[in-house]
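Beneath this line is the structure, given in structure tokens, with notes to follow.
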Amino acid sequence: MSKRFFAIVTVFVLTAAFTAAQNATPNARPRTSDLGLKVGILPTGPLDAITDVPGVKVGHTTIIRGDNIRTGVTAILPHSRNLYREKVPGTIFVGNGFGKLTGATQVEELADIETPILLTSTTSVPLVADALITYLLALPGNEDVLSINPVVGETNDGYLNDIRGRHITPDDVFAAIKNAKDGPVEEGAVGAGTGTVAFGWKGGIGTSSRHLPANLGGYTIGVLVQTNFGGILTIAGAPVGQELGQYYLRNELQQAGTGKDKADGSCMIVVATDAPLDARNLKRLAARAILGLARTGSSASNGSGDYAIAFSTALQVRIHANNKAPTRTVELLTNDAMSPLFQAVIESTEEAIYNSMFKATTMTGNGHTVEALPLEKTVAILKEHRLIN
């Protein structure tokens, strides 16, 4: 074998190894729990994910094409049956209404959710909603359905993505729904989080859960977030954004640092629980999710559309379309029993947001590059504040 041939083969092998390492990067980045960081006091579910709530499934379609398409769809299914025929009680809490959340008024009025919950890019909401309607109308048993209320939320991925191109197709929507599964949830720059930015670093999809012990009801709370907002990043109380020199109003205050964050964007929060709750207490639960968002340092700016969508999967509270009885008897959790669930949703939301950033990788698109949260520096700060060993 000639030296020249050997050199070519060596370069090829090294290049292939480097490419493989790059492709493996998303899996190499840790979650919050992998770092030994404990958020709050309550135990997590086995997966520390929204899919710890029995029956809940999550699916993604990630669209990365060329140098300017970085977008996608994320689907959250409360259960695997026909949701139109077996609706779940649901509600929406509006932290700041600068957003495009299709289906909100009917959910507010009737207090139920009858479709999978989809998250996507701002300008693609009507396209995704249309495809979701098509999907529901085609399901066996829905042949007589004349009205569908699609629930579709969004954040604006226009910094990394050609948002005006509206590149999401019906097949992308169908794939996210049909590929939804239980088990571990892919996080970071995937699905609806492909092109998002959080605190000036790469945002994305994150999830977490809390499982209450038996003496507090034994219920599970799961949260999934789509992060695309800003402020002053705080991790478990540590001023990470300030110490890294990237935070809202840094330039205006003439403080040292190299980063920038205008605090615009949005955060979509989806809350699932197996606790038997009606829409009134689900709304109270959703409101507490915003407290978890606040803990991370969100400024909830004028341009940040912050919404929490909450639903219960408990069998006894489901609304069956074929049940035409004028009344029904349902066993519900009392107001006094809600406080542990409030704590659980705050902790789950906070950790889900951290996971969305820890798992996200640096991305270039649409003429811009957004760096991932620098892990080594972040870990050093967390160690300095004695949050991890």
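The values are calculated or read from the model by the stated rules, or taken from the named source; none is laboratory data. Predicted, not measured: the structure shown is a model, and the values here were computed from it. Backbone-built Cβ (ideal geometry, glycine too); neighbour counts: all protein chains shown. The accessibility values were calculated without ligands, DNA or RNA, using every heavy atom of the protein model including side chains. Shrake-Rupley method; radii C 1.70, N 1.55, O 1.52, S 1.80 Å.
Give the residue, chosen from G97, G141, that is surrounded by fewer than 16 Cβ atoms within 10 Å (Cβ to Cβ), touching a residue at least 40 places away in the same chain (Cβ under 8 Å) and farther than 21 Å from L315 by Cα.
Numbers: G141 fails: farther than 21 Å from L315 by Cα.
Checking each option against the conditions leaves just G97.
Scanning region 106-125 for residues that are in contact (Cβ under 8 Å) with a residue 60 or more places away in the chain and open to solvent by 10 Å² or more (accessible area, probe 1.4 Å), which turns out farthest from A138 (Cα to Cα)?
Of everything passing the filter in region 106-125, A111 is farthest from A138 (Cα to Cα).
Yes or no, residue by residue, for (1) in contact with a His (Cβ under 9 Å, 6 or more places away or on another chain); (2) surrounded by fewer than 24 Cβ atoms within 10 Å (Cβ to Cβ):
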| position | (1), (2) |
| --- | --- |
| N215 | no, yes |
| Q226 | no, no |
| F229 | no, no |
| P239 | yes, yes |
| R250 | no, yes |
| D264 | no, yes |
| A272 | no, no |
| A275 | no, no |
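I want to confirm something. Restricting to region 339-389 and keeping residues that are open to solvent by 30 Å² or more (accessible area, probe 1.4 Å) and acidic (D, E), which single residue is farthest from Q246 (Cα to Cα)?
E384
One residue is enough: does region 187-207 have a residue meeting the conditions surrounded by fewer than 24 Cβ atoms within 10 Å (Cβ to Cβ) and acidic (D, E)?
Looking for residues that are surrounded by fewer than 24 Cβ atoms within 10 Å (Cβ to Cβ) and acidic (D, E), one finds none in region 187-207, hence no.
Given the conditions (1) among the aliphatic types (A, V, I, L, M); (2) open to solvent by 20 Å² or more (accessible area, probe 1.4 Å); (3) more than 20 Å from the chain's Cα centre (by Cα), report the number of the one that L83 does not fulfil.
Unmet for L83, out of (1) among the aliphatic types (A, V, I, L, M); (2) open to solvent by 20 Å² or more (accessible area, probe 1.4 Å); (3) more than 20 Å from the chain's Cα centre (by Cα): (2).
Please go through (1) open to solvent by less than 20 Å² (accessible area, probe 1.4 Å); (2) modelled with pLDDT of 95 or more for S304 and return the number of the only condition it doesn't satisfy.
The failed condition is (2).
Kindly indicate which of T134, T122, T102 is hydroxyl-bearing (S, T, Y) and closer than 22 Å to T207 by Cα.
Unique residue meeting the criteria: T122.
Can V345 be described as under 22 Å from V58 (Cβ atoms) and touching a Lys or Arg at 6+ places or on another chain (Cβ under 6 Å)? If you could, list the steps in order and put the result at the bottom.
Working: under 22 Å from V58 (Cβ atoms): yes; touching a Lys or Arg at 6+ places or on another chain (Cβ under 6 Å): yes.
Taking the combined requirement at face value, the residue satisfies it.
Scanning region 231-247 for residues that are more than 29 Å from V53 (Cα to Cα) and small (G, A, S), which turns out farthest from the chain's Cα centre (by Cα)? Lay out the reasoning, then the answer.
Of all residues in region 231-247, those more than 29 Å from V53 (Cα to Cα) come to 231-232, 238-247.
Right, trim to small (G, A, S) and you get 231, 238, 241, 245.
Numbers: G231: 18, A238: 23, G241: 21, G245: 26 Å.
Within region 231-247, the match that is farthest from the chain's Cα centre (by Cα) is G245.
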